[in-house]
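Chemist: This is the structure I want to talk about, given as structure tokens.
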Amino acid sequence: MGNREDPIMKPKNQSAGQAEWIDVLIIGAGFGGLRMLQECRELGLEAIILDAATDLGGTWYWNRYPGARTDTESWAYCFYFSEKLNEQYSFKERYATWDSSLDYLNYAADALDMRRHMRFERRVTTARYINSENVWEVQTDTGETYRCRYLVSASGVLSVAYKPPFKNSEAFNGKVYLTANWPKEHVDFAGKRVAVIGTGASGVQVIPIIAHEAAHVTVFQRTPNYVLPARNAPVTDAQQRAIRRDFHQMVAQCRKQVFAFPMTDSKVALKSVSPEEQQRVLERGWEIGGFQFAFETFNDILTDRESNAVVAEFVRKKIRAIVKDPKTAEMLCPDYALFAKRPPLGHFYFETFNRPNVNLVDVSDDPIEAMTATGLKTRTREFGDFDAVVYATGFDGGTGALVKIDVRGTNNQSIAETWRKSLQTQFGICMNGFPNFFMISGPQAPFANTPMIVDRAVTWIGDCIRHVQASGDTVVEARAEACENWTKFVQTTMDMTVLADGAGVNSWFLGKNIPGKLQAPLFFFGGANNYFIELEKESGGGFKGMQFRRPTIDAAAA
Ligand code: NA7
């Protein structure tokens, strides 16, 4: 048996170069990184977090554009491991703004005294696994080298912004903003003529806010979205008391829900009720707002195309009823299945197109090709006179952040090269050929309420490390067969839903939004609840999908 008192035997040559030894090196100071830090404490391991930003926050550090907020209820967008932590915190609104989310993360980091384990303004550039020593050697853009036993990536699902490479992009004389990398200073749009490119969740949030301030906003839309009404509201004192009282029920509810939201999935199939009842239930869901519209109404919206079509038409009717100009309304109506793309939550999004200072340009058949000194050109038209262009054009999701780091495994193979050929993981957490390396919300994990996915994944990682320590081995790696099986399961479960239709509408769930990217399901959509069950089966069953061993002594290095 291994040494349980001192689980990590530090390599003897830790002084090699100027490398600093740490048991666990975590990349990223967002929800995932902080949750992992907490787990390391429970494991008795020394950990540090490295982050490129000047402070913690991850997504909420970078996406500080006006209107940015969560699409999950704030009281369920939290750390779940400590009831006490949340008892002392007051959630302000149903959906937390970016700065409220940052406030919560800062509050948690301070309350748990985590800050001293974080180092900022360091971007991890390379990470190499050294077989003979069973260590990861990690380098940063500041020239630091670290050596660690476990490398954990909490680098984010949507952290590498995508900016389309329009021709002459330097030609524009006005200001250029990216929602995913918004300036810290206030941006004043008063009296300005603004172009917004992109109508995904970020565009949908930023457009109504800019429209209130700017002289004019031109929205360039490639694909319309099913924007569901968020129905945001302040959290009242009575609600706050109920949130505290019902914390454990809320956690249990999230664990059972398909997207880990604090709601209860409907047990009724749309097809099983009359058309009148369908409309009545959908109307109620629309009034409640949020993702309750999709999950608390009927249980076959994601899996039955005919049921989905009824709900899609219901939303289109709402769009036509809200938007006064019939031509604009038609442009805003999606014609694909609801959920084939990630439906955003809106805060008076469709209403914004009734404002006299907002117009919509459809670029679906006439793509934007180039920037000009005053604006942009599509294939057939030119749009000028802009003071600012806002790119809300999405992310290289799922794999983007890790591909940017030169991560190399047992045979010096890089993650980027591996994923260019094929994406295979065990639960989106670990991979064959990359020992002692874990991803929090990596590709093929569910895309759902992030803090809950993070919480379950980190619990699993913690259990896996405990298993290593108890076994006396020091190397843990996913078995190739387990990764193949998980990949098949990810594909099969996706094919059972309308999300597979995303292939036809540039869905970033499938990597379709990034030219040249491997096209494969980047997320598990077989239900967050089922994912949690799979994780528990694997850890409870002794980690059969993982290989535990001693380090391989490589002849060249010996
Ligand atoms: P999304 O959802 O990927 O949205 C990006 C938007 O940008 C989307 O409307 C794209 O159109 C549009 N886009 C991208 N490239 C172009 C070009 N070349 N021309 C015109 N329009 C373009 O990213 P978000 O940041 O909004 O949201 C991502 C997630 O972050 C979100 O779901 C939340 O979970 C948080 P397309 O639809 O591809 O035709």
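Chemist: Tell me the relative contact order for segment 102-147 as a rounded percent, counting alpha carbon contacts under 8 Å between residues six or more apart.
Modeler: After rounding, I find 25 percent.
Chemist: Please return the longest stretch of the chain lacking exposed loop sites, where GluC sites (Glu not before Pro) count only if DSSP places them in a loop and at most 11 other Cβ atoms lie within 10 Å.
Modeler: Maximal segment without exposed cleavage sites: 186-558.
Chemist: Grab the DSSP H runs of the chain that are 4 residues or longer, score each as -39,500 (n - 2.57), total them, divide by all residues and round the 222 nm result to the nearest 500 deg cm²/dmol.
Modeler: -9500 deg cm²/dmol
Chemist: Right, something else. Tell me, what ³J(HN,Hα) does each residue in segment 543-550 have, in order and in whole Hz, if you take phi through Karplus 6.51 cos²θ - 1.76 cosθ + 1.60 with θ = phi - 60° and put x for Gly and Pro?
Modeler: Values per residue, Gly and Pro as x: 6, 5, x, 10, 10, 10, 7, 8 Hz.
Chemist: Separate question: Suppose every K and R has +1 on its Cβ and every D and E has -1 on its Cβ; what is the size of the dipole of segment 246-339 about the Cα centre, in Debye to the nearest 20?
Modeler: Charge dipole of segment 246-339: 140 debye, to the nearest 20.
Chemist: If you project the alpha carbons of segment 338-460 onto their three principal axes, what span does each projection cover, largest first, in Å?
Modeler: 56, 32, 25
Chemist: Moving on to the next point. Where the eigenvalues come from the Cα gyration tensor of segment 443-508, what are the semi-axes √(5λ) of the equivalent ellipsoid, largest first, in whole Å?
Modeler: Working through the eigenvalues yields semi-axes of 31, 16, 8 Å.
Chemist: Take the Cα atoms of segment 246-339, build their convex hull, and give its volume per residue in Å³.
Modeler: 108 Å³
Chemist: Here is a follow-up. Among 163/184; 317/341; 341/404; 267/341; 341/537, which pairs are too far apart, with a Cα-Cα distance over 21 Å?
Modeler: Check vs 21 Å cut-off fails for 341/404; 267/341; 341/537.
Chemist: Follow-up question, since we're still on this one. Report, in cubic angstrom per residue, the convex hull volume of the C-alpha atoms of the chain.
Modeler: That works out to 156 Å³ per residue.
Chemist: So what's the gap between the Cα centers of segment 162-181 and segment 57-132, to the nearest angstrom?
Modeler: About 28 Å separates the Cα centre of segment 162-181 from the one of segment 57-132.
Chemist: Which residues' amide hydrogens lie under 5 Å from the amide hydrogen of residue 135, considering only partners 5 or more residues apart or on another chain, with H built in the peptide plane?
Modeler: 130
Chemist: Taking every pair of alpha-carbon atoms in segment 159-284, what share in percent sits in each 5 Å bin, from 0 to the bin with the longest distance?
Modeler: Histogram of Cα-Cα distances, whole percents per bin: 2, 7, 11, 13, 14, 13, 12, 12, 9, 5, 3, 0.
Every number here is computed from the coordinates shown, using simple stated rules; none is lab data. Computed from a predicted model, the values in this text were never measured in an experiment. Cβ: placed from backbone, ideal geometry, glycine included. Neighbour counts: every protein chain shown.
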